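Presented below is the structure to which this report refers.
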Amino acid sequence: MNKDTNPRELTINILRFDPHDENDFPHMESFKIQEADGMTLFVALNEIREHHDNSLKFDFVCRAGICGSCSMLVNGRPTLACRTLTAKLDANITLAPLPLFELIGDLSIYTGKWMRGLNERLETWIHDKENELEVDKLEERMEPELADEIYELDRCVECGCCVAGCGTIQMKPDFVGAVGLNKVARYHLDPRDKRTDEEFYEMVGDEDGVFGCMTLLGCEDVCPKDLPLQSKIAYMRRMMIKAAMK
Amino acid sequence: MKIIYTDVLIIGGGLAGLRVATGVKERGHDAVVLTLVPPKRSHSAAAQGGMQASLANSKMGEGDNEDVHFSDTIKGSDWGADQMVARMFTHCAPKAIRELAHWGVPWSRVKKGNRTAIINAKKVTITEKEDAHGLITARDFGGTKKWRTCYTSDGTGHSMLFAMDNKAHEDKVEIHERQEAIALIHNNGRCYGAVSRNLMTGELTAYISKATTIATGGYGRIYSVSTNAVICEGIGQAIALESGVATLGNMEAIQFHPTAIVPVGILTTEGCRGDGGLLLDKDGYRFMPDYEPDKKELASRDVVSRRMTEHMRKGKGVKSRYGDHLWLDITILGREHIEKNLREVKEICESFLGIDPAVDWIPVRPTQHYSMGGIRTKYTGESQTLKGLYSCGEAACWDMHGFNRLGGNSVSETVVGGMLVAEYISDFCDSKDSDIKIHSSTIEKFMKKEQDKIDELLSNENGEDAYKLRRRMEEIMMEDVGIFRNGNDLKKAVDELEELLKRSKNIEVFRSKSKAANPALVNAYRTQKMLKVALTVAQGAYLRTESRGAHSREDYPKRDDANWLKRTITSWEDENQTLPTVTYEEIDISTMELPPGFRGYGKDLTEHHKYTKVRQEIVDDKIKELQEKGASRFEIQDALMPFIDKLPKKYRGINERLGENV
């Protein structure tokens, strides 16, 4: 980070469109900025907004790769913009909003609505009618390794990259995607969730669920959190086939 | 005019806001949450290291309980905290964490038998008890006597927030996303909701409610370098202030976290040091033991940040084009530990610095991190001056942190504050007092006022550039209202901020005139609000001529209990004011369970209050007398400072621990 070299001039090409403006239509617009040391796309886009075009729309929240807000297509590939260093890219960079989600404007997309729908559909919460919560009592025990395993799957940030990278969802818009199947695997693994295999089967044992995946596995390639999506989809398939055979 | 009615309006969809929402839902009240971003993207997600709750399951947490947690919290606050609130908090933290475990947070667990840990740069073996196996474990954090910080790897906030949001889904809480509350609606000292702007369409909606809760987090972004998410701009505090009725407390109490990476200011968790990481200077020398021989790297955050700054001022910092920094060395923890327990830190190092923290040292320096100040409330979370307005979490000054918050107490406060405030709000909503008595013409007046302000910003010509005003404000705050403060710089800061505020009345939104999604317009009205918040911080700091916790005056190095054992209260009664009104609220020693003392860092520079000794004697005598009678710790505590009856009935029970009350 301390290298002082002649800074590059970056050309950032952005696919722009404001759906609230009747006269607007999707178009590319290019901005030239000087690269700075340690520059990320977060820094670059804010510089463009502040000094070139105040109306440029994009979504950053944590700017630290934690919250999943800023997913976009960087040179055609879904990823988190905030932790993409410009130094790792060509001087000519093309940015577009993540496909498949409702467009708010420019690079800003409505992932929240999509993910909420998904969570409601898959009921991504602990289902437990047996145990009443008693806040004064010792917590229920859990094997340390199992807690770690659940956390491993719990790390999904709902950025939508896997959805944008999914071939299946292009053809089946109701497909739950890797994000959905990972969540099902997470709750399936969690002994606090009392749902049975049959109940999970009812939810995802079909073409819009675990049997819809064409195993192109673009999801795993683009997941910024390196979630084990491939093996979890395969695992859920085996479990669901077992449930169906019962 | 679009009006939406609900029982409880909650502004902010982070941990605190969501916990209030599910709590009032459970009591049968409707709730609408307004949020700038999808709740799962709130800044709560960024809390890496953990949540303090005195479970005492792990070996190094043995002997921990509410009393120890309370004492750590009060000392950490430099006696600025409200002791009754801190008691309520420490009593409920174990309940909150158990509730979250029930809702699905995969807390890291105790594994029986031997494990290796790094303590004070040495490998030690810790043997975990068999009967603790599978219970929630804890790590070490700064300023605590016991290992009390419970965690899920270093994604604690993320896991908590996801569990909480999922619980809100289950409870069918209504979430209105990309909505920004820009003004409170109030009449005759009573709050009735807020005017909210849809950030996608620009449409204004009046949300009318019996109770309104502000849970919008801190105001770190008034500083140029902050670990806070970009949405932590203090707008919640600003709209409370602009009501002219609600007040803010201790706004000058700003925490700097010792280890944010340079230059971008992204946080690396205190867990790095808690797990055994060291701070090194340009010579690779471990300097903290020289300054703080006892707690070393794990002194309270404000102390470590000051020591680091002092050391850099001695020329021991590492020079870089972004200014001096120091090193955080976690290589001694080993790759396996880093990849399992400090995974987020590893990702951050790789993505933003291009280094591998298992091999390389991390460039760090103290960076704005937390807002102890906020909307001043009673212990119920209700504003002291605006009825029906509530606040909790970082947005509030409840006030359990005083002048310095302990690591791990923030996410803990969000869920504890949320669960308690939800009950008090529900009690209010159940009472006749909560009837909505506001005329539609009054609502219309509030709506029109906000619409006019927006229209003016969009139609202004030859006005000021909001970005320029904002960047200058951020610089002033960083340079003159930072870790070390002095009267001259603070005066200069107040004067210049006041000037910026005057100029901000004439902002023009350049080149972006859309009434719908329009980031330039958003920046314009937020800058106007942020300047007021910045002024409450700078003015509060200028007037407080003492050093307490994170507020450190070079010209007044003593903690002055004789004159300054009080909270700073700021308000903004007249919208034409250019400076906040400042008053003070005394902190009463005669009700303290833990009378003011020495925190144990550096030299004792306290100017004690004349009553401190008297109270200390009363407390000591009482403890002695009750101990002789064989009283339990609960009975002794109750005799010194009763608080249980203030809690909602469902949270009054005694907490179980291994070997206690089971």
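The values are calculated or read from the model by the stated rules, or taken from the named source; none is laboratory data. What you see is a predicted model, and the numbers here were worked out from it, not measured in a lab. All Cβ positions, even for glycine, are placed from backbone atoms using ideal geometry, and neighbour counts span all protein chains on display. For accessibility, only protein heavy atoms count, side chains too; no ligands or nucleic acids. Shrake-Rupley method; radii C 1.70, N 1.55, O 1.52, S 1.80 Å.
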Subset of the range B:167-193 that is crowded, with 22+ Cβ neighbours inside 10 Å and in contact with a Ser or Thr (Cβ under 6 Å, 6 or more places away or on another chain) - its residue that is farthest from the other protein chains (Cβ to nearest Cβ): B:186
Number of positions in the range B:21-61 that are away from chain A (no Cβ under 11 Å), of a type in the set (A, V, I, L, M) and open to solvent by less than 10 Å² (accessible area, probe 1.4 Å): 7
Test: residue in the range B:415-432 that is touching a helix residue (DSSP H, G or I) at 6+ places or on another chain (Cβ under 6 Å) and open to solvent by 10 Å² or more (accessible area, probe 1.4 Å): yes
Test result for residue A:198, over 20 Å from the mean Cα position of the chain (by Cα), assigned to a helix (DSSP H, G or I), without any contact (Cβ under 8 Å) to a residue 12 or more places away in the chain and more than 9 Å from chain B (Cβ to nearest Cβ): no
Extreme residue, surrounded by the fewest Cβ atoms within 10 Å (Cβ to Cβ), among residues of the range A:85-113 that are among the acidic types (Asp, Glu) and within 12 Å of chain B (Cβ to nearest Cβ): A:102
Pair list, Cβ < 8 Å and 6+ apart or interchain, from the range B:259-270 residues that are in a strand (DSSP E or B) to residues that are acidic (Asp, Glu): B:259/B:270
Candidate set from the range B:540-555 (those that are crowded, with 21+ Cβ neighbours inside 10 Å and in contact with a Ser or Thr (Cβ under 7 Å, 6 or more places away or on another chain)); member that is nearest to residue B:497 (Cα to Cα): B:540
Flag if residue B:149 is away from every other protein chain (no Cβ under 14 Å) and either more than 19 Å from residue B:388 (Cα to Cα) or crowded, with 24+ Cβ neighbours inside 10 Å (or both): yes
Within the range A:114-137, tally of residues that are closer than 30 Å to residue A:174 by Cα, at the interface with chain B (Cβ under 8 Å from one of its Cβ atoms), outside any helix (DSSP H, G or I) and open to solvent by 40 Å² or more (accessible area, probe 1.4 Å): 1
Qualifying residue in the range B:596-607 (condition: away from every other protein chain (no Cβ under 14 Å), part of a helix (DSSP H, G or I) and either touching a residue at least 60 places away in the same chain (Cβ under 8 Å) or acidic (Asp, Glu) (or both)): no
Residue match in the range B:353-376 (condition: within 14 Å of another protein chain (Cβ to nearest Cβ), part of a helix (DSSP H, G or I) and on the phi < 0 side of the Ramachandran plot): yes
Candidates B:617, B:586, B:635, filtered to the one that is free of Cβ contacts under 8 Å to residues at least 24 places away in the same chain and within 25 Å of the chain's Cα centre (by Cα): B:586
Residue in the range A:53-70 that is least open to solvent (accessible area, probe 1.4 Å), counting only those that are at pLDDT 95 or above and under 16 Å from residue A:13 (Cα atoms): A:56
The range B:638-657, subset assigned to a loop (DSSP other than H, G, I, E, B) and at the interface with chain A (Cβ under 8 Å from one of its Cβ atoms), residue nearest to the chain's Cα centre (by Cα): B:655
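Return yes or no: is residue B:159 over 30 Å from residue B:241 (Cβ atoms) and either open to solvent by 10 Å² or more (accessible area, probe 1.4 Å) or within 28 Å of the chain's Cα centre (by Cα) (or both)?
yes
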Odd one out for residue A:184 among (1) modelled with pLDDT of 95 or more; (2) in a loop (DSSP other than H, G, I, E, B); (3) out of contact with any strand residue (DSSP E or B) (no Cβ under 7 Å at 6 or more places or on another chain): (2)
